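Q: Structure incoming, see below.
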There are 2 protein chains.
Amino acid sequence: MFGLMQDQPLLISSLIEFAARHHGEAEVVSRRVEGDLHRCTYRDVAARSRQVAQALDAWDLAFSDRVATLAWNGYRHLELYFGVSGSGRVLHTLNPRLAADQVVWITNHAEDRVLCFDMTFLPLIKAIWKQCATVKHWVALCDEGALPADSGIEGLVSYEAWIAPQATQYEWPSFDERSAASLCYTSGTTGNPKGALYSHRSTVLHAYGGALPDALNLSARDSILPVVPMFHVNAWGLPYAAAMTGAKLVFPGAALDGKSVYDLIEGERVTMAAGVPTVWLGLLNHMAQGGLRFSTLSRTVIGGSACPPAMIRAFKDQYGVTVLHAWGMTEMSPLGTVCTLKLHQMAGTPEQQMTVLLKQGRAIFGVEMKIVDPEGQELPWDGQSSGDLMVKGPWIISSYFKGEGGNPLVDGWFPTGDVATIDPDGFMQITDRSKDVIKSGGEWISSIDVENIAVAHPAVAMAACIGVRHPKWDERPLLVVVKKPGSEVTREDLLSFYEGKVAKWQVPDDVAFVDAIPLGATGKMQKMKLREQFKDHMLPGV
Amino acid sequence: MFGLMQDQPLLISSLIEFAARHHGEAEVVSRRVEGDLHRCTYRDVAARSRQVAQALDAWDLAFSDRVATLAWNGYRHLELYFGVSGSGRVLHTLNPRLAADQVVWITNHAEDRVLCFDMTFLPLIKAIWKQCATVKHWVALCDEGALPADSGIEGLVSYEAWIAPQATQYEWPSFDERSAASLCYTSGTTGNPKGALYSHRSTVLHAYGGALPDALNLSARDSILPVVPMFHVNAWGLPYAAAMTGAKLVFPGAALDGKSVYDLIEGERVTMAAGVPTVWLGLLNHMAQGGLRFSTLSRTVIGGSACPPAMIRAFKDQYGVTVLHAWGMTEMSPLGTVCTLKLHQMAGTPEQQMTVLLKQGRAIFGVEMKIVDPEGQELPWDGQSSGDLMVKGPWIISSYFKGEGGNPLVDGWFPTGDVATIDPDGFMQITDRSKDVIKSGGEWISSIDVENIAVAHPAVAMAACIGVRHPKWDERPLLVVVKKPGSEVTREDLLSFYEGKVAKWQVPDDVAFVDAIPLGATGKMQKMKLREQFKDHMLPGV
């Protein structure tokens, strides 16, 4: 017997219509590529996303056709989020930090029909457009006046000219909530990129889960700055969750340096900001140099890679800003866990609480997790046993776009590739990526633990720990270090810095100083490249 | 094209399993009928709800069979919430405040197979059990030792003896999320009661929506006291939302007097309490008499009927407790709106903010609303135009159980029977029940407005405003008043109390003093009975 409740699909168009109707006055502020600040409201975004929908109708785009974006965070990108998915097409957010040939490969693989790009990327588009055979329409995210006459790109139109003829009223189509809504490729370190194809259902459920008090805690009293790019797992779902809750949205565009981010936070009275650790480094440096304070910022969500404890402490102790440590993956929409305290922990000392807050956090309802040993047996939640982290839930992928890589699930669980512990309170802590763990004899050494200690040293700007071959122990840790400008530190200084912090066998065998550590398209350290670079490194005493 | 996300139904069993796994240590505290405090955890509740599921299996209850409860708020009731629905049966919460013949009628209409009751209701069950033809099993919510040997009720077992043989491990069944999960009858003032049949999907979505920061704002740092009964629209969904967020649950059992509620709030460090205005009256009186304060309570959710402004102010000004004004209906699971401020209102004065907070609030994402004129035309959101309030969304009914009353929807919208205004910020304010509005000449007078002024008078304990026939104006308002014990006030005093507060034509024509105003099974004033009682009342000057 079915319940007798209204049969309303969970659709992305409902999010923007809700925002327009109930929070029509709430602002969407964007720093544009042009450098100026653009201000509009959810009411405007809704009207223009309806124009986008009808502009796509006018081009006869079919249901589920892919519309790609190559764009910074901004209001036009937001309008595409709702106009493309809301009208039944699939929003494909391309990562402009990828190499040109990768962008071409992904565009062809996705079979994009339309590609909308910020003017920043005009040179890239000029270079690749002929190789993107499926793309019939090129849209430059600018006014008609800003469009170059001689781009040479066939079928190029300006966004404003494209949508202008369309009505601002529109009846959004209704369809199965499991329909594809957006597509995001993972920047895997091996093999070709693989696409995660989100549905309307998964997106709306993820927005509910992400907005909860113990997740990102979003309300109509928030001013949210997604520094995390909209091309990176839909800015962690913030555009959807913000519309769901009526929060003000502040978009940084291409200006992600410390000063620009700080000025935007202060100028727009931002209460919550979200990004990867590397972005916050620039912000904290800028603030330290200028002796600056925050007036309104109360919390920052940090994810994308493990956040160094020193950064969590800096935000908290120096600026009174709570860092919400979060963890997720492209394959998870992306939110899996967020670290907030429980009732019984509220009575703990600040130090006890910090021990908890350094972990990746607790699962949001909608995400199930477990850790397993190499045989797939579940391991206890004792905070000690570490194993492969597996997840399942309605906003986690079942397979990749076009079935690439076959069935990624193991008995219905998605293997995250992370190694983690889970404590009795359900707080998960990533100890490493399974491929980055250093297997020394029968023991595992967490590369992240070794790195966190290194970056706490005042002379260290960045550090990566990788395993290199050892005749006796199979692998031993090598610490690769970038020094802070003007700072000096020796190999011996650094190694002695580990004394008393970890067991002796976990201390790196050697230190290599480098000018830079290669970063991937999402700002993560590319340890695979380092392993290649140091594959013949001779450890002392070998 | 479908998205490639995991196909996981939204099921009530997932809520308790999530709570057990991620918040296994969080407490569930219950004041029992026996008078003592019982303490257990979500881990215990999950284990025992799995026993309930298997005890129902052992009785060969079919999928969707109804299992009724006649019980106060407590841990055993909570176990039935999850065990009954989780195993695919339908939890039917009977309202023990109804007359015995109504309980019989509803039980037969619902075709309950099992009825579980608190020992408080043994006399009632003894009186009616023979008339409940469909009920095959009677379960007394007590230990085997507390079961009377001579009840005479065929097939009576104690809850503890019933579940004891079952294993605490269980594989919950998976099924279509649209399956019926629970059934709650409305205590309509006319006609037979009608059943709202909730689904697993509607219940889980409602829990997500209800836990949001701008709704009830529930987290794992909360200790929640649902004073609102679990037989009244599932205690506004709090048992589900608490499990979803890992909040501590505190159940008051049958002890709803001011002292008991206060002691429980203090003893269990309650942070959030929820109930109808009448319950809070007793609490506030108890506190005023004893000069008491709250140590941990930060907010109370008040709904079920419009909350008098004086009560909102008393909580805020005297006790520092934020009142969350909420509005909903049995047909809405029940949450529709909650009143929390928006960003741009945070800069307002306390008085400006209070003006907003006196309204019923903003819609939660998942609830759409509109107001319409008698012709069904949508009215503007100007805070002035009042019209019939219509709602739709995935946790709002499409029809009543067994199709009673035909299709209640109008073009897909559910007519709430409330008359309301909506302001430009989306804040809805109930001006009246459509049947309670006093139609004086061409103008409408809100009975609620008239009552709110009356109860602000220090001598008034309770007040109801009803329309009585008038030869010239069709209807004119009569104020029916219960005086506070030991207080005196005259008709003239009260009428002059309206001067300057409302327009002259909105002042009641007369006052009638009574000993008591009849209350319905959910604590609401039964104005229909008052209208009957005063139908021949002669207004002065007529």
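The values are calculated or read from the model by the stated rules, or taken from the named source; none is laboratory data. Being a predicted model, the structure only gives us computed values, none of them experimental. Positions of Cβ are generated from backbone atoms using ideal geometry, with glycine treated the same way; all protein chains shown enter the neighbour counts. Heads up: the accessible areas ignore ligands, DNA and RNA and are worked out on the full protein's heavy atoms, side chains in. Shrake-Rupley method; radii C 1.70, N 1.55, O 1.52, S 1.80 Å.
Q: Look through B:Gly88, B:Gly24 and report the one residue that is within 14 Å of chain A (Cβ to nearest Cβ), closer than 23 Å to B:Ile224 by Cα, part of a loop (DSSP other than H, G, I, E, B) and open to solvent by less than 40 Å² (accessible area, probe 1.4 Å).
A: B:Gly24
Here's the yes/no breakdown for (1) at pLDDT below 95; (2) in contact with a Cys (Cβ under 7 Å, 6 or more places away or on another chain); (3) closer than 30 Å to B:Gly88 by Cα; (4) not aliphatic (A, V, I, L, M):
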residue	(1), (2), (3), (4)
A:Arg31	no, no, no, yes
A:Asp36	yes, no, no, yes
A:Ser64	no, no, no, yes
A:Leu78	no, no, no, no
A:Tyr81	no, no, no, yes
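Q: Also, quick follow-up: Of all residues in the range B:112-135 being more than 23 Å from the chain's Cα centre (by Cα) and not in a helix (DSSP H, G or I), which is nearest to B:Thr69 (Cα to Cα)?
A: B:Val114
Q: Against the definition (within 23 Å of A:Pro173 (Cβ to Cβ), of a type outside the set (Asp, Glu) and in contact with a strand residue (DSSP E or B) (Cβ under 8 Å, 6 or more places away or on another chain)), how does A:Ala146 come out, yes or no?
A: In short, no.
Q: Here are B:Arg48, B:Arg39: which of them is open to solvent by 40 Å² or more (accessible area, probe 1.4 Å), over 30 Å from A:Phe63 (Cα atoms), without any contact (Cβ under 8 Å) to a residue 24 or more places away in the chain and away from every other protein chain (no Cβ under 12 Å)?
A: Testing whether each residue is open to solvent by 40 Å² or more (accessible area, probe 1.4 Å), over 30 Å from A:Phe63 (Cα atoms), without any contact (Cβ under 8 Å) to a residue 24 or more places away in the chain and away from every other protein chain (no Cβ under 12 Å) leaves just B:Arg39.
Q: In addition: Kindly provide the set of residues from the range B:146-166 that are within 23 Å of B:Ala255 (Cα to Cα) and in a helix (DSSP H, G or I), ordered by number.
A: Selection gives B:Ala146, B:Tyr159, B:Glu160.
Q: I'd like the full set of residues that are open to solvent by 60 Å² or more (accessible area, probe 1.4 Å) and either more than 14 Å from every other protein chain (Cβ to nearest Cβ) or under 19 Å from B:Tyr75 (Cα atoms) (or both), limited to the range B:169-178.
A: Across the range B:169-178, the qualifying residue is only B:Gln169.
Q: Which ones in the range B:162-202 are in contact (Cβ under 8 Å) with a residue 60 or more places away in the chain, under 30 Å from A:Ala220 (Cβ atoms) and out of contact with any helix residue (DSSP H, G or I) (no Cβ under 6 Å at 6 or more places or on another chain)?
A: Of everything in the range B:162-202, those that are in contact (Cβ under 8 Å) with a residue 60 or more places away in the chain, under 30 Å from A:Ala220 (Cβ atoms) and out of contact with any helix residue (DSSP H, G or I) (no Cβ under 6 Å at 6 or more places or on another chain) turn out to be B:Tyr198, B:Arg201, B:Ser202.
Q: Please go through the range B:489-542 and give me each residue that is acidic (Asp, Glu) and part of a loop (DSSP other than H, G, I, E, B), ordered by number.
A: B:Glu499, B:Asp509, B:Asp515, B:Asp536
Q: For the range A:51-67, give me each residue that is of a type outside the set (Val, Ile, Thr) and either more than 14 Å from chain B (Cβ to nearest Cβ) or open to solvent by less than 10 Å² (accessible area, probe 1.4 Å) (or both).
A: A:Gln51, A:Ala53, A:Gln54, A:Ala55, A:Leu56, A:Asp57, A:Ala58, A:Trp59, A:Asp60, A:Ser64
Q: Could you run through the range B:317-343 and say how many residues are without any contact (Cβ under 8 Å) to a residue 40 or more places away in the chain and in a helix (DSSP H, G or I)?
A: Qualifying residue count, the range B:317-343: 4.
Q: Hey, another quick one. Output yes when any residue across the range A:153-164 is in contact with a strand residue (DSSP E or B) (Cβ under 7 Å, 6 or more places away or on another chain), exposed (fewer than 14 other Cβ atoms within 10 Å of the Cβ), away from chain B (no Cβ under 14 Å) and charged (D, E, K, R), and no when none is.
A: Checking the range A:153-164: not a single residue is in contact with a strand residue (DSSP E or B) (Cβ under 7 Å, 6 or more places away or on another chain), exposed (fewer than 14 other Cβ atoms within 10 Å of the Cβ), away from chain B (no Cβ under 14 Å) and charged (D, E, K, R).
Q: Next question, about the same structure. Return the only residue of A:Arg469, A:Arg491, A:Arg531, A:Arg476 being under 27 Å from A:Val276 (Cα atoms) and either out of contact with any Asp or Glu (no Cβ under 8 Å at 6 or more places or on another chain) or charged (D, E, K, R) (or both).
A: A:Arg531
Q: Follow-up. Any idea which of A:Ala196, A:Ala181 is within 14 Å of another protein chain (Cβ to nearest Cβ) and under 23 Å from A:Val28 (Cβ atoms)?
A: Step by step, each of A:Ala196, A:Ala181 is checked, and only A:Ala181 is within 14 Å of another protein chain (Cβ to nearest Cβ) and under 23 Å from A:Val28 (Cβ atoms).
Q: Quick check on the range A:479-488. Is at least one of its residues touching a His at 6+ places or on another chain (Cβ under 7 Å) and on the phi < 0 side of the Ramachandran plot?
A: No, because not a single residue in the range A:479-488 is touching a His at 6+ places or on another chain (Cβ under 7 Å) and on the phi < 0 side of the Ramachandran plot.
Q: Here is a further query. So A:Glu17 clears everything in (1) assigned to a helix (DSSP H, G or I); (2) more than 11 Å from chain B (Cβ to nearest Cβ); (3) open to solvent by 50 Å² or more (accessible area, probe 1.4 Å) except one condition, right? Which one?
A: (2)
Q: Another question, if that's okay. Tell me which strands (runs of 3 or more DSSP E) are completely within the range A:369-456 and hold 2 or more residues being within 14 Å of chain B (Cβ to nearest Cβ), or say none if there are none.
A: Per the criteria, A:387-392, A:414-422.
Q: Determine whether B:Ile397 is under 19 Å from the mean Cα position of the chain (by Cα), among the aliphatic types (A, V, I, L, M) and over 30 Å from B:Asn108 (Cα atoms).
A: no
Q: Output the strands (runs of 3 or more DSSP E) that fall wholly within the range A:200-302 and possess 1 or more residues being surrounded by 19 or more Cβ atoms within 10 Å (Cβ to Cβ), within 14 Å of chain B (Cβ to nearest Cβ) and of a type outside the set (A, V, I, L, M, F, W, C), or say none.
A: A:223-226, A:248-251
Q: Hey, another quick one. Those residues that are outside any helix (DSSP H, G or I) and surrounded by fewer than 20 Cβ atoms within 10 Å (Cβ to Cβ), I need them from the range B:97-111; list them, please.
A: Within the range B:97-111, B:Arg97, B:Ala99, B:Glu111 meet the criteria.
Q: A follow-up question, please. Filter the range A:498-534 down to the residues that are more than 30 Å from the chain's Cα centre (by Cα) and of a type in the set (D, E, K, R), then identify the one that is least open to solvent (accessible area, probe 1.4 Å).
A: A:Asp510
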